[in-house]
Amino acid sequence: MHKYLIVHTRDGGTRMRFLVFKRETVLYVLISCIILATISAWFLLKKGDTVVFNSQNGQSVREIHMVTGEFKTKMKDGTEMESYRWDPGTIFLEKGEKVNLYISGINGDEHPFYIEGTNLKGTVKKGEEVIVPLHFNQSGTFRLICKTHDDKTHLGPMIAYIVVN
């Protein structure tokens with residue numbers, strides 16, 4: 001709550017009014033401003049991409065999300081062209097890192113796949129999500145290949161690259 005302080009001059013002249021605040025009010029406003037500034041700064045610093053980590057048995061597991069994609073076009077002569085892709089087409093891992101690769105089926109009824117050089121395989125169906133646990137102990141580039149779209153004649157190649165450093 002605030003009050004007005006009215007000051008009278010000695011010669012009976014003009015009165016002056018001052019706005020007076022209690023010390024508690026000033027402290028409350030100051031603390032509120034500091035809190036708002038801190039929260040704003042935190043959000044601004046956290047703006048941008050962040051890597052999401054989970055914990056499995058005390059170890060962090062990174063999540064990578066991938067989708068199936070389809071590109072279609074109609075040529076000038078009326079013929080249609082289409083191609084299927086994984087998106088993103090390349091992911092990067094560190095040797096020994098544990099990753100859960102979440103693949104969502106967006107386009108195409110199903111995409112049976114395998115990862116070269118491993119025994120990992122599965123099928124991504126439209127409207128569903130498959131989780132592929134990845135853990136490579138050696139460096140290299142491993143191809144994630146859709147068996148249905150493995151070359152140009154089958155609307156591919158639908159290949160993603162897993163690069164392990």
Can you give me the long-range amide H partners of LEU134? Hydrogens built in the peptide plane at 1.01 Å from N, cutoff under 5 Å, separation of 5 or more residues or another chain. VAL99, ASN100, LEU101
For VAL163 and ARG143, compute 0.36 nm times the residue count separating them, minus their Cα-Cα distance, and round to one decimal in nm. 6.3 nm
Can you check what the net charge comes to around VAL164, using other residues whose Cβ is under 15 Å from the Cβ of VAL164 (Lys, Arg +1; Asp, Glu -1)? +1
Quick calc: nm separation of the 7 Å Cα→Cβ label points for ILE106 and ILE31 -> 4.9
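Take the Cβ-Cβ distance between LYS152 and LYS74 as r, set R0 to 22 Å, and report the resulting FRET efficiency rounded to the nearest 0.05. Spell out each step's value before the answer.
Details: r = 18 Å, r/R0 = 0.83.
That gives a FRET efficiency of 0.75.
Just to confirm, what accessible area per residue do you get for the range 98-164 at 1.4 Å probe, in whole Å²?
Numbers: 3540 Å² over 67 residues.
Per-residue value: 53 Å².
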Long-range alpha-carbon pairs in the range 94-140, meaning those over 17 Å apart, account in percent for 39
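Between LEU45 and ASP87, what length in nm is gained on full extension when 0.36 nm per residue of separation is reduced by their alpha carbon distance?
On the way: separation 42, 0.36 × 42 = 15.12 nm, distance 2.82 nm.
Contour length minus the Cα-Cα distance gives 12.3 nm.
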Of all DSSP beta bridges in the range 25-165, what percent run antiparallel (nearest 5)? 75
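When ranked by the protection proxy of mean other Cβ atoms within 10 Å per residue, highest first, what sequence do the peptides 119-127, 72-80, 144-152 form?
The packing order, highest mean first, is 144-152, 119-127, 72-80.
The values are calculated or read from the model by the stated rules, or taken from the named source; none is laboratory data. In this text, all values refer to a predicted model and were calculated from it rather than measured experimentally. A quick note on method: Cβ atoms are made from the backbone with ideal geometry, for glycine too, and the neighbour counts reach across all protein chains shown. In case anyone asks, the SASA skips ligands and DNA or RNA and just uses the protein heavy atoms, side chains included. Shrake-Rupley method; radii C 1.70, N 1.55, O 1.52, S 1.80 Å.
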